[in-house]
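A.B. asks: Have a look at the structure that comes next, please.
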Amino acid sequence: MDAVWQSLKEYFVASRGVSGGDSSARRRSLTNTQFWTERTVTNHHVFVSREESLDYLDWRNSCYLFYDQFLPLGGHDGLTILDYGCGPGHDLVGFAEWSKPRGLIGVDISPASLAAARHRLTLHGRLPLQLLRIQDGSRVIPLQDGCVDLIHSSGVLHHAPNPEEILSEFRRILKPHGRVHLMVYNYNSIWLHLYVAYQRQIRDGIDSDLSLAEAFKRSTDGPDCPISRCYRPQEFLALATRCGFQGTYQGAAISLFEMSLLPLRYQALASQRLTKEHREFLKSLRFDEYDRPLYDGNVAGIDATYMLTKGGAR
């Protein structure tokens, strides 16, 4: 294994828990706040320079092909931007460097992540930065009605106990012509249909006694992650509509980890234990000019992205 792949594997193990663990392992019962305080996507790394911080952000984005085109961090000059679930400041750094925001707000449930974000942003100069801690499951974002131009939420709502209430709060604080850019995990992905359903549950016998939904939850961010869901695009858009939004599915970014699993699809198709749904998914895949797998014309990656705007009056 070369150094580049070893580095990539270590990143996914640290940030997404892909090393798994069998279903007989002791499972800790943690709250969301406890889990996301113990675990950050940087594994509590302390950045010491602006250059190191930017290099890590660039490398992190490169692990998910074209993700930064779906949820761009540049080109938002003069806007008040909210990063909901900002973690240790990855995307706040991008907004600080590649946009000129009127205001930049980070919200998170983890005091450790907020402290890391505050430190990291000091490396990037003086900014109009506000960091707010909220309680997990809170129905209220402590901001005034109609005060935010852009709400950015990357990989957060699928971990929340109350995504519908959070989306309703997004609508309340969003300006009339504001936008929401967000990512949630994608059901129509190599991650679910090949990695979880075949490699983990069938080939490696990990979580084979669990439902697909529960096995998926344990696969993404570590076996102790309290909540981790995935959505088909039509399911998430229906949820957004119920909350007063008009939504567009922007497409999905696929992780390099998923790309590395693609040769397994032939073994998976040959397995009598793989259910028809997963076989049909894998058989239907087509590939684009970047060798990304396509399902129903869309990239079959874990990170599904959406753009929401306010719908009619509620």
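The values are calculated or read from the model by the stated rules, or taken from the named source; none is laboratory data. Keep in mind it's a predicted model, so treat the numbers as computed, not measured. Every residue, glycine among them, receives a Cβ derived from its backbone with ideal geometry; neighbour counts consider all protein chains shown.
A.B. asks: So V107 fits all but one of (1) surrounded by fewer than 23 Cβ atoms within 10 Å (Cβ to Cβ); (2) under 25 Å from Q135 (Cα atoms); (3) more than 17 Å from the chain's Cα centre (by Cα); (4) of a type in the set (A, V, I, L, M, F, W, C); what number is the exception?
C.D. replies: The single condition V107 does not satisfy is (3).
A.B. asks: Cβ-Cβ under 7 Å, sequence separation 6+ or interchain: first residue in segment 194-223 and on the phi > 0 side of the Ramachandran plot, partner part of a helix (DSSP H, G or I) and crowded, with 20+ Cβ neighbours inside 10 Å. Which pairs?
C.D. replies: D207/R200; D207/Q201; D207/A215; D207/R218
A.B. asks: If you don't mind, another one. When residues of segment 62-76 are filtered for being touching a His at 6+ places or on another chain (Cβ under 9 Å) and either in a helix (DSSP H, G or I) or of a type in the set (A, V, I, L, M) (or both), how many remain?
C.D. replies: 3
A.B. asks: Out of segment 284-311, which residues are surrounded by fewer than 19 Cβ atoms within 10 Å (Cβ to Cβ), among the hydrophobic types (A, V, I, L, M, F, W, C) and closer than 30 Å to H177 by Cβ?
C.D. replies: Listed by number, the list holds a single entry, M307.
A.B. asks: What number goes with the only condition from (1) over 24 Å from K283 (Cα atoms); (2) assigned to a loop (DSSP other than H, G, I, E, B) that E214 does not pass?
C.D. replies: (2)
A.B. asks: Would you mind finding the one in L57, L82 that is in a helix (DSSP H, G or I) and buried (at least 16 other Cβ atoms within 10 Å of the Cβ)?
C.D. replies: Numbers: L82 fails: in a helix (DSSP H, G or I).
Only one candidate qualifies: L57.
A.B. asks: Please indicate, with yes or no, whether at least one residue in segment 197-209 is surrounded by fewer than 20 Cβ atoms within 10 Å (Cβ to Cβ), part of a helix (DSSP H, G or I) and of a type in the set (S, T, Y). I'd like the intermediate steps shown before the answer.
C.D. replies: Here is the first cut: in segment 197-209, the residues surrounded by fewer than 20 Cβ atoms within 10 Å (Cβ to Cβ) are 199, 202-205, 208-209.
Now narrow it down to the ones that are part of a helix (DSSP H, G or I): 199, 202-203.
Filter once more, so that each one left must be of a type in the set (S, T, Y): none.
No; the residues of segment 197-209 include none that is surrounded by fewer than 20 Cβ atoms within 10 Å (Cβ to Cβ), part of a helix (DSSP H, G or I) and of a type in the set (S, T, Y).
A.B. asks: A further question on this structure: How do the pairs read when you match residues in segment 271-283 that are buried (at least 19 other Cβ atoms within 10 Å of the Cβ) with residues anywhere that are of a type in the set (F, W, Y) and part of a loop (DSSP other than H, G, I, E, B), using Cβ under 6 Å and keeping only pairs 6 or more apart or on different chains?
C.D. replies: none
A.B. asks: Which of the residues spanning segment 290-308 are among the hydrophobic types (A, V, I, L, M, F, W, C) and either assigned to a loop (DSSP other than H, G, I, E, B) or modelled with pLDDT under 95 (or both)? Talk me through it step by step, then tell me what you get.
C.D. replies: Within segment 290-308, the subset among the hydrophobic types (A, V, I, L, M, F, W, C) is 294, 299-300, 302, 304, 307-308.
The answer is A300, I302.
Residues are listed down the side, and each one gets a yes or a no for (1) touching a residue at least 12 places away in the same chain (Cβ under 8 Å); (2) farther than 27 Å from P176 by Cβ; (3) not polar (S, T, N, Q):
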position: H90; (1), (2), (3): yes, yes, yes
position: P111; (1), (2), (3): yes, yes, yes
position: A115; (1), (2), (3): no, yes, yes
position: R126; (1), (2), (3): no, yes, yes
position: Q135; (1), (2), (3): yes, yes, no
position: D149; (1), (2), (3): yes, no, yes
position: V156; (1), (2), (3): yes, no, yes
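A.B. asks: Here is a further query. Test H119 against the stated conditions and say whether it is within 27 Å of T31 (Cβ to Cβ), surrounded by fewer than 16 Cβ atoms within 10 Å (Cβ to Cβ) and touching a residue at least 12 places away in the same chain (Cβ under 8 Å). First the steps, then the outcome.
C.D. replies: On the way: within 27 Å of T31 (Cβ to Cβ): yes; surrounded by fewer than 16 Cβ atoms within 10 Å (Cβ to Cβ): yes; touching a residue at least 12 places away in the same chain (Cβ under 8 Å): yes.
Judged against the criteria, H119 is a match.
A.B. asks: Among the residues of segment 205-223, write down those that are modelled with pLDDT under 95 and either of a type in the set (D, E) or over 17 Å from the mean Cα position of the chain (by Cα) (or both).
C.D. replies: D221
A.B. asks: Kindly indicate whether any position in segment 225-243 is crowded, with 24+ Cβ neighbours inside 10 Å, in contact with a Ser or Thr (Cβ under 7 Å, 6 or more places away or on another chain), over 27 Å from R60 (Cα atoms) and not small (G, A, S).
C.D. replies: Checking segment 225-243: not a single residue is crowded, with 24+ Cβ neighbours inside 10 Å, in contact with a Ser or Thr (Cβ under 7 Å, 6 or more places away or on another chain), over 27 Å from R60 (Cα atoms) and not small (G, A, S).
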